[in-house]
Structures are given as C-alpha cells and as structure tokens.
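In what follows, a single structure is set out as structure tokens and then discussed.
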Amino acid sequence: MNTVIDVFLITGFLGSGKTTFLNHFIDAFPPERKLTILMNEFGEIGIDGILVEGDDLDILEINRGSIFCACVKTDFIKGLVRILEDIQPDILVIEATGTADPGDMKRDLRLPIFRNRFHFRDQICIIDAASFPAVYETFASVEKQMTAATCFVVNKIDLAKTLEIERIREIIHRHHPDPTVFETVFGRIPVGRFTTCRNEADAKTSFAKTIRREADVEAAIAALLKDPFRVTLPPDALSSTVWTLKEATTEAFHALVRQLPSRLLRAKGFVRLNGEIRLFNWVMGRPEIIAADTREIPDHILGRLVFIGSADVLRELSTLGRHHPLVLEPA
C-alpha cells in the first residue's frame, strides 16, 4: 500500500543558498521518516548533488535545464513516476534550478497518471540578501519565484545593509499580504513545520499500488508537451558552459579567477590546488574557495567548472578559456 507523498519546492536565484538550506533541512529531518531529494541543476554536470549531506538518502538529479521547461520536462515526469512507484518517501523535496519559473508545479503534480498521490505542501523561496536588489530588477525568474512562494528565507543577511534588507521585506509584502519570512545566515531556520505530518488521518490515507505502463507515461508526457499553457521557455535568456582545468597552484588559480568576466552570474566546481581539492563558488562577482570533503567526488566531476551567464558573457568566457594555460577544454 502507498501513502500520499508530501512535496516541498525550494526555489531561489542562482547562488542564493538553496543547497545550504537543503542540508540544514536534511540534518533536522526526523530519522523515522523517509526523505527523497530531487535536484535540478541548470548546468551540464551536477555539482550540488555532491554537496548534499545525508546517509542513506535517495537523491535524483536532473541536469541541463529547468524541470519546468520543455527541455527536461520528460525527465522530470519520469523521475516523479519512479519516486511514486519505487522509492515511496514520506516527503519529497525538489530543489529547482535558480532560473526556474515554478508556476506549473502544482499542475504537474496533479497529472492523472499520479492519481492524486502527490500533495504540494509549500514553496520555500531562498533570497540572497546581498545580491537581491540587482537580480530582482534584472531577471524575470526572480519575480516569478516570489509570486509562487508562500515562505521566504532571506539568507546571507550578514552581507547586506539594513536598507537592503528593508527593501527585500517591502518587495515580499508586495507579492504577499501575510508571508512567512525568516532572516538568517547559512540557511538556518526552524524546519519543524516542514517535517511533520499534515495530520494523522491524511498521513494514513492509502492507495492500492498501481503499476504504470511505460506507454501510459509516454502518452501523458506527450499530451503535456503539446499544451502551450503548461510548458514554457525559461523566463531569462541564460546559458551554461563547462571548463576542464589542470591541477594548479593556488596563486595561478586566483589569477584566473581575477580574469573572469565581472558580469558572470554563477560558477562552481571542484578543483585541485597545490595537491588538495577545493570547492570554487562564484556568485554575482563574489568568488569563494573553500576546503572540500574529497570522499564522494567522482573523477568526471573533479577539475570541471560550470559557468552560467548571458550569451555575451559566455562568449567572453570562451575567448578567455581558449587562450588560458590552465584550461584544458573550454566548451
């Protein structure tokens, strides 16, 4: 017998701290309940899945585009079918790509093939307090994420000025008259409200197991992709590319970072510097290089950096990569 699966959606623009918040959520999750994570990354390779901390945790990753767009909608629906039939968690947490327009989430979960087995609980929007004013005025996906959200985590408040935080509060209330708002650092908030059962009666509602035929799933996806009101293009014209880097000295890598285009939105990846593995993060012109846990980093990930930005910024990046001695393989 299967029960209804509670679904939470985590949104937030690139680099806002979604994965950090997710790790805090996982750490506070009751051990007697079953949690599954579906991670969606905009880039070609998945970095965030490696950064998620949790033993015996089911994680599904969907890369190369937003799950709310036609480009990977098929993978998203098939992933939900697998979660429903094979994994059957108590709670499903979906971490959307930073450029997502999540408006179709509730309708996707109500597709007939799911037989009302997914219950959408909440959308949690993570906001980078330091970069929010700039991204809100520039990228349509930020406003769309705020419009669809019911709970807001204003993150990295230690990097923002008081007037900037006040401005964020004003914008949130413009979208919602009575929002739930947390102001914090490192994504730390009380998560008990998200991990408890809705109520005992709902939690025990059960359904006879139904094996969905592949043909039924494909037919549902085909119908979905034909509906112009349910599958959209990304709201912002952004692209991604990947570099493969040589092992380098810390000084040489810092010199490369200083040459990156200042308008680059996001970059991340694991690099080997002076014989040690480091995690490189770039958010809206703010670079960070930190120690990394090397136990779970596969060889095909190590030394590869994912960049996200506009087409003109990526062209500038491509020119730099083709002529830089540390870059083995610019896309």
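Between Leu320 and Ala140, the contour length at 0.36 nm per residue exceeds the alpha carbon distance by 61.9 nm. On a 0 to 90° scale, report how tilted helix 311-323 is relative to the longest principal axis of the chain, with both axes built from alpha carbons and the result rounded to the nearest 10. Once rounded, one gets 50 degrees.
Amide H contacts for Phe182 (H built 1.01 Å from N in the peptide plane; partners 5 or more residues away or on another chain; cut-off under 5 Å): Phe152, Val153, Val154. At q = 0.10, 0.21 Å⁻¹, what is the base-10 log of I(q)/I(0) for the range 239-330 according to the Debye formula with one equal point scatterer per Cα and no solvent? Please give it to two decimals. With one equal scatterer per Cα and no solvent, log10 I(q)/I(0) is -0.22, -1.03.
Picking from Lys106, Lys78, Lys161, which is most flexible by a Gaussian network model of the chain using Cα springs under 10 Å? Maximum fluctuation in the GNM of the chain, among the listed residues, is at Lys161. Annotation: amide H of Leu38 within the under-5 Å range of Leu60, Val93, Ile94, Glu95, sequence separation 5 or more or interchain, hydrogens built in the peptide plane.
Across the range 79-88, rounded Karplus estimates of 3J(HN,Hα) from the backbone phi angles (6.51 cos²θ - 1.76 cosθ + 1.60, θ = phi - 60°) give x, 5, 4, 4, 4, 5, 8, 9, 8, 6 Hz, Gly and Pro being marked x.
The ellipsoid that matches the Cα gyration tensor of the chain has semi-axes, each √(5λ) in whole angstrom, of 33, 23, 20, with the longest given first. Quick one: of the DSSP bridges fully inside the chain, what percent are antiparallel, nearest 5? Of all bridge pairs located within the chain, approximately 45 percent are antiparallel. 3J(HN,Hα) couplings calculated from phi for the range 6-17 with the Karplus curve 6.51 cos²θ - 1.76 cosθ + 1.60 (θ = phi - 60°) are, in sequence order, 6, 10, 10, 10, 9, 10, x, 5, 3, x, 6, x Hz; Gly and Pro show x.
FYI, it's all coordinate maths here, none of it is from the lab. Bear in mind that the values here come from a model prediction, so they are computed numbers and not experimental data.
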